[in-house]
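Here is the structure we will look at.
Nothing in this text is a laboratory measurement; each read-out follows from the coordinates by a stated rule. The shown structure was predicted, so the numbers you read here are calculated from the model rather than taken from an experiment. When we count neighbours, we look across all protein chains shown, and the Cβ atoms used for this are built from the backbone with ideal geometry, even at glycine.
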Amino acid sequence: MVNAIETSPAYEPFLVPAGTAAGAAMKELNLPNKGPDAVVCVRDPEGTLRDLAFVPETDTECTPIAASTEEGRSVIRHSCAHVLAQAVQAEFPGTKLGIGPAIENGFYYDFDVEEPFTPEDLKRLEKRMKKIIKSGQRFEKFVFASPEEASEALRDEPYKLELVVDKSKGDVSEDDDESVDVGGTQLTGYRNVNPRTGETEWFDLCRGPHVPTTRYIAAFTLTRSSAAYWRGDQKNAGLQRIYGTAWESKEAQDEYLDMLVEAEKRDHRRLGTELDLFSFPDAIGSGLPVFHVKGGIVRNEMEQHSRRRHEEAGYNFVYTPHITKGDLFKQSGHLDFYADGMFPPMQLDGEYDEEGHCTKQPQDYYVKPMNCPMHNLIYSSRGRSYRELPLRFFEFGTVYRYEKSGVVHGLTRARGFTQDDAHIYCTEEQLEEELTNVLQFVLSLLSDYGLDDFYLELSTRDDGKSVGTDEIWEMSTRILERVAVNSGLELVPDPGGAAFYGPKISVQARDAIGRTWQMSTVQLDFNLPERFNLEYTAPDGSKKRPIMIHRALFGSIERFFGVLLEHYAGAFPAWLAPEQVMGIPVADDCIPHLQEFSDTLRARGIRAHVDCSDDRMQKKIRTHTQNKVPFMVLAGARDVAAQAVSFRFLDGTQVNGVPVAEAADLIEEWVRSQRNDQPTKENFGNRD
């Protein structure tokens, strides 16, 4: 989940003369240095964010970054993490520092302390942080002359020392959280300098950038603390992590905190339990959900609708096993690039004599983390002609990924999940039309489930990590960009964000409370067709390599289920709802009337039941309102006599005395039309 796109000012680039600080060169532009639009840093021509104290060696064009942009917020949050660490070491002497990156919507910092932090500790730390921020300490960058100098300065910080050593060995990836400390080309740190005395109050190993002074941190709050492991590995030391959020204004923070309150009410993990949809039994393991009867009904409806739409769009359904020999993932490259995300291998097929000596070496088998290698085997199972292309394979394929326990999060980040996975093989000439059709199909199908507020993100090549020729990258990126622009949706660039094997478009969908979720991805792949030697026969008889498109529309069924559950706050549209109609008798002698009506609906494929419990009518209404049943059908003596029923809706409105035949038709029409709004007195049946 990410924020919606900000509507912050996009400042024009300006020239920073050689030997001049970016902040000084920017003064004549009269850009704000206070408030949400204040400039907190600049972006250089390579896309790297720099402090306002950045001094280029040659004339350099830089772009100002406002506090209210996502990049600006990230810098504010990283600076606030430093203020937190300074406060912790002041309040809890002897604390050792881990790392403290900015993350989505906030920041965290890991600490080695004797006792876990308490809520009272967080309040105490907030008070100290406010004093630091008010003092206006400057963030000043400095460069360590050597790893030895850094090690000497950090001799009392064992975790930082480990990062310095790893940096000197080249063992830190830019994708790791640790890169916040030791990423980039140099070993650098930041001092927090007292503006009155010029003395260093505190310093940290850090690549930056940071805001000019602590006063740029307009609003912050510490949200919670939790246990963590050094570098996310359970084999390492246990630490305490403090999370917080920071914003460019109090108004922006208040809006975010209000959203969190609403999000808590919609948390799919809580709703899953309350509505009896799914659970995560300890006996099965972390991140491995089981769907209960009601959850299974919703999931089946989701899958069946998707299946129908895919059949109409010309996809061919395939099925592949859950495990495979390890050699397949060697061929695909997953064992080279993705082994840490895979479950450990199972050793099978070994043979032993009576004395226990191995006569045939066992082979490694893996549960699959992805479906694409198996789909490639289906493609290559026989010769392919250009006449067969584009060839579209689709599978509800269950995969397993070893997510670290700290990142497992309900259905939205699980270890076992089912992807609505498609792989499309086409010619270069077919690529643009196929991508256009795929994107239109993705947006249309997501809209069927009630998500219709989208924007697109285009991830392009990282020159240091890519396979394929410059020409094919440029061609495919141009086509992806053209397809995205022609969709009419807002397009956000993600420079260097593509996987090594091809560019991609990500579909971001906003939910009912304004949160944005990454949903579908459309990913080009220049790597696997080479690795699997995929070919087709061209019209001239020559052999050519197809272009491969990966496409996961939901991401996973489980994740999409969780997103929809939160989007609708548990009140699924009637066509998806596990219980569509619940009969509630005013008195027991009305039960046969409602059972007959329920039988009529079930014969039409509607999920209808009658509550025959001993509860009073008002309690039954409360119960089924809490269970989010869209149609509560009531019957009293007058309804029985008139061969009618009355409706009670989730918003509390009611429609009385509807003849049973008409009522059945109205319910069936509502469900069959797959409306995503809830029925109410205002919109149901256009009755007066």
Using 0.36 nm per residue of separation minus the Cα-Cα distance, give me the extension gain between R622 and F142 in nm, one decimal. 166.4 nm
Most packed first (mean Cβ within 10 Å per residue), the peptides 117-126, 572-581, 657-666 order as 572-581, 657-666, 117-126
Taking 0.36 nm per residue of sequence separation and subtracting the Cα-Cα distance, how much length would be gained by fully extending the chain between S613 and I103, in nm to one decimal? 178.6 nm
Round to the nearest 10 and give me the degree value, 0 to 90, for the angle of helix 617-626's Cα axis relative to the longest principal axis of the chain. 40
Name the long-range amide H neighbours of W202: under 5 Å, sequence gap of 5 or more, or other chain; modelled H, no Pro or chain starts. N192
Would you work out which of A218, Y256, Q234 lies farthest towards the positive end of the dipole of segment 208-259, given +1 charges on the beta-carbon of Lys and Arg and -1 on that of Asp and Glu, about the Cα centre? Q234
Give me a comma-separated list of calculated 3J(HN,Hα) values for segment 131-139, in order, Karplus coefficients 6.51, -1.76, 1.60 applied at θ = phi - 60°, integers in Hz, x for any Gly or Pro. 5, 4, 4, 5, 6, x, 4, 8, 8
Once the dipole of segment 542-619 is set up from charges on Cβ (+1 Lys and Arg, -1 Asp and Glu), the residue from the list L565, L601, G583 lying farthest towards its positive end is L565
Nearest-0.05 FRET efficiency for A21 and Q643 at R0 = 56 Å, using Cβ-Cβ distance, is 0.10
For the pairs K294/K619; K96/K250; K34/K131; K294/K620, note any where the Cα-Cα span goes beyond 23 Å. K96/K250
Residue-span extension gain [D494 to E474] - 0.36 nm each, minus C-alpha spacing: 5.7 nm
Enumerate the amide H contacts of A644 below 5 Å, restricted to partners 5 or more residues apart or on another chain; note that Pro and chain-start residues carry no placed amide H. V660
Anisotropy class of segment 369-503 from Cα gyration tensor, a/c 1.5 cut: rounded
What's the angle, to the nearest 10 degrees (0 to 90), between helix 70-91's Cα axis and the longest principal axis of the chain? 70
For segment 405-412, 3J(HN,Hα) per residue [Karplus equation, 6.51 cos²θ - 1.76 cosθ + 1.60, θ = phi - 60°, Hz, x = Gly/Pro]: 4, x, 10, 4, 8, x, 7, 7
Listing L439, L411, L391 from the residue with the fewest other Cβ atoms within 10 Å to the one with the most, what is the order? L391, L439, L411
Near-label residues of segment 442-476 by backbone N, under 20 Å of a point 7 Å along Cα→Cβ of E428: 461, 466-476
Between segment 629-688 and segment 198-227, what is the C-alpha centre distance in whole Å? 57
Modelling each spin label as a point 7 Å along the Cα-to-Cβ direction, I'd like the S279/K544 distance in nm, to one decimal. 5.6
Sorted by Cβ neighbour density within 10 Å, fewest at the top, the residues Y386, Y159: Y386, Y159
For a quick check: with amide H placed at 1.01 Å from N, whose amide H comes under 5 Å from G497's, ignoring anything fewer than 5 positions away on the same chain? T460
Per-residue ³J(HN,Hα) for segment 656-666, Karplus 6.51 cos²θ - 1.76 cosθ + 1.60, θ = phi - 60°, Hz, x for Gly and Pro: 10, x, 8, x, 4, 5, 5, 4, 5, 5, 5
What FRET efficiency comes out for D588 versus A512 if R0 is 35 angstrom and r is the Cβ-Cβ distance? Round to the nearest 0.05. 0.35
Extend 7 Å from the Cα of K123 along its Cα-to-C-beta direction; within segment 68-105, residues with backbone N under 19 Å of that point are 88, 91-92
Of W670, Y11, S306, whose Cα points farthest to the positive end of the dipole of the chain (charges on the beta-carbon: +1 Lys, Arg; -1 Asp, Glu; origin at the Cα centre)? W670
When R266, R672 are arranged by how many other beta-carbons sit within 10 Å of their Cβ, fewest first, they go R672, R266
For helix 158-169, report the angle its Cα long axis makes with the longest principal axis of the Cα atoms of the chain; keep it between 0 and 90° and round to the nearest 10°. 80
